[in-house]
Amino acid sequence: MSRIGREPITIPAGVKVTLGDENKVMVKGPKGELVRLCHKDMKITIEGDILTVARPSEDKLHKSLHGLTRTLINNMVLGVTEGFSKSLEINGVGYRAVKQGKNLNLSLGFSHPVIVEPPTGITLDAPAANKVVVSGIDKEAVGAMAAQIRGYRGPEPYKGKGIKYEGEHIRRKVGKAGAKGKK
């Protein structure tokens with residue numbers, strides 16, 4: 001059995017989970033509503049405030065989908081109750097982020113500013129000039145938006161300039177001056 005897949009999901013108070021046709025899972029909570037179409041073979045059952053996911057067979061496909069389905073539904077429940085956020089750090093002289101309305105204006109050393117417009121359900125915030133916080137209820141969308149922002153100017157290995165995730169370690173390289181004696 002999948003260790004993750006067999007764990008039950010406890011539905012907190014204030015969250016409503018409903019199952020539709022063909023394993024359509026709808027989760028409604030205080031922060032919003034999420035809908036996901038799960039694989040048709042997975043058996044999703046709700047008994048009171050406990051949701052369980054079971055697999056129909058020991059087939060390799062069903063084994064791989066078991067833990068995935070449970071984790072996706074659990075992330076939906078966590079998203080509508082607590083929400084998700086990712087923090088990004090901006091390093092570099094003249095690199096900064098400024099919030100303009102709901103958009104984010106990034107100065108990243110280009111000849112033009114980079115304007116980032118968030119999709120629905122995602123909020124962008126710049127609490128400091130060198131910090132960006134991406135938050136929302138959908139974990140997948142928050143991660144994709146953070147990766148898109150990081151992709152505008154990824155961290156480079158020589159000086160560490162660019163956008164990186166908070167707590168991310170950048171492997172540094174020795175520059176030309178550090179390679180003495182090589183010809």
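The values are calculated or read from the model by the stated rules, or taken from the named source; none is laboratory data. Keep in mind it's a predicted model, so treat the numbers as computed, not measured. Cβ coordinates were reconstructed from backbone atoms using ideal geometry, including for glycine residues, and neighbour counts include every protein chain displayed.
Only one of these is among the aliphatic types (A, V, I, L, M) and in contact with a Gly (Cβ under 7 Å, 6 or more places away or on another chain): V98, V142, V116. Name it. Full working, then the answer.
Values: V98 fails: in contact with a Gly (Cβ under 7 Å, 6 or more places away or on another chain); V116 fails: in contact with a Gly (Cβ under 7 Å, 6 or more places away or on another chain).
Residue meeting the stated conditions: V142.
Going by the conditions given, is G154 over 24 Å from K31 (Cα atoms), not basic (K, R) and not assigned by TED's automatic domain parsing to the domain that holds N23?
On the way: over 24 Å from K31 (Cα atoms): yes; not basic (K, R): yes; not assigned by TED's automatic domain parsing to the domain that holds N23: yes.
So G154 fits the description; yes.
Here is a list of conditions, (1) surrounded by 12 or more Cβ atoms within 10 Å (Cβ to Cβ); (2) assigned to a strand (DSSP E or B), and P127 meets all of them except one; can you say which number that is?
(1)
Scan the stretch 66-95 for residues that are surrounded by fewer than 16 Cβ atoms within 10 Å (Cβ to Cβ) and among the charged types (D, E, K, R) and report the count.
Going through the stretch 66-95 one residue at a time, the tally reaches 1.
Where residues in the stretch 123-154 are aliphatic (A, V, I, L, M) and farther than 15 Å from A97 by Cβ, which of them is nearest to the chain's Cα centre (by Cα)? Can you show your working first?
Kept after step one, since they are aliphatic (A, V, I, L, M), are these residues of the stretch 123-154: 124, 126, 128-129, 132-134, 137, 141-142, 144-147, 149.
Going one step further and asking which of them are farther than 15 Å from A97 by Cβ, we end up with 137, 141-142, 144, 147.
Details: I137: 9, A141: 6, V142: 4, A144: 6, A147: 9 Å.
It comes out as V142.
Residue check: is R36 within 29 Å of V116 (Cα to Cα) and either among the acidic types (D, E) or not assigned by TED's automatic domain parsing to the domain that holds A128 (or both)?
On the way: within 29 Å of V116 (Cα to Cα): yes; either among the acidic types (D, E) or not assigned by TED's automatic domain parsing to the domain that holds A128 (or both): yes.
Considered against the rule, which asks whether it is within 29 Å of V116 (Cα to Cα) and either among the acidic types (D, E) or not assigned by TED's automatic domain parsing to the domain that holds A128 (or both), R36 comes out as yes.
Whether any residue in the stretch 85-105 is within 27 Å of A147 (Cβ to Cβ), in contact (Cβ under 8 Å) with a residue 12 or more places away in the chain, touching a helix residue (DSSP H, G or I) at 6+ places or on another chain (Cβ under 9 Å) and not in a strand (DSSP E or B) is what I want to check.
Looking through the stretch 85-105, none of the residues is within 27 Å of A147 (Cβ to Cβ), in contact (Cβ under 8 Å) with a residue 12 or more places away in the chain, touching a helix residue (DSSP H, G or I) at 6+ places or on another chain (Cβ under 9 Å) and not in a strand (DSSP E or B).
In the list P113, P155, P118, which residue meets the criterion of being out of contact with any helix residue (DSSP H, G or I) (no Cβ under 7 Å at 6 or more places or on another chain) and surrounded by 15 or more Cβ atoms within 10 Å (Cβ to Cβ)? Step through it out loud before you land on a result.
Working: P113 fails: surrounded by 15 or more Cβ atoms within 10 Å (Cβ to Cβ); P118 fails: out of contact with any helix residue (DSSP H, G or I) (no Cβ under 7 Å at 6 or more places or on another chain).
That would be P155, the only listed residue that is out of contact with any helix residue (DSSP H, G or I) (no Cβ under 7 Å at 6 or more places or on another chain) and surrounded by 15 or more Cβ atoms within 10 Å (Cβ to Cβ).
Which of the residues spanning the stretch 1-17 are farther than 14 Å from V53 by Cα and within 24 Å of the chain's Cα centre (by Cα)?
In the first step, residues of the stretch 1-17 are kept if they are farther than 14 Å from V53 by Cα; the result is 12-16.
Scanning the stretch 1-17 gives P12, G14, V15, K16.
So which of K31, K63 is among the basic types (K, R), closer than 24 Å to V133 by Cα and surrounded by 14 or more Cβ atoms within 10 Å (Cβ to Cβ)? Even if it seems obvious, please write down each step before you answer.
Working: K63 fails: closer than 24 Å to V133 by Cα.
Testing whether each residue is among the basic types (K, R), closer than 24 Å to V133 by Cα and surrounded by 14 or more Cβ atoms within 10 Å (Cβ to Cβ) leaves just K31.
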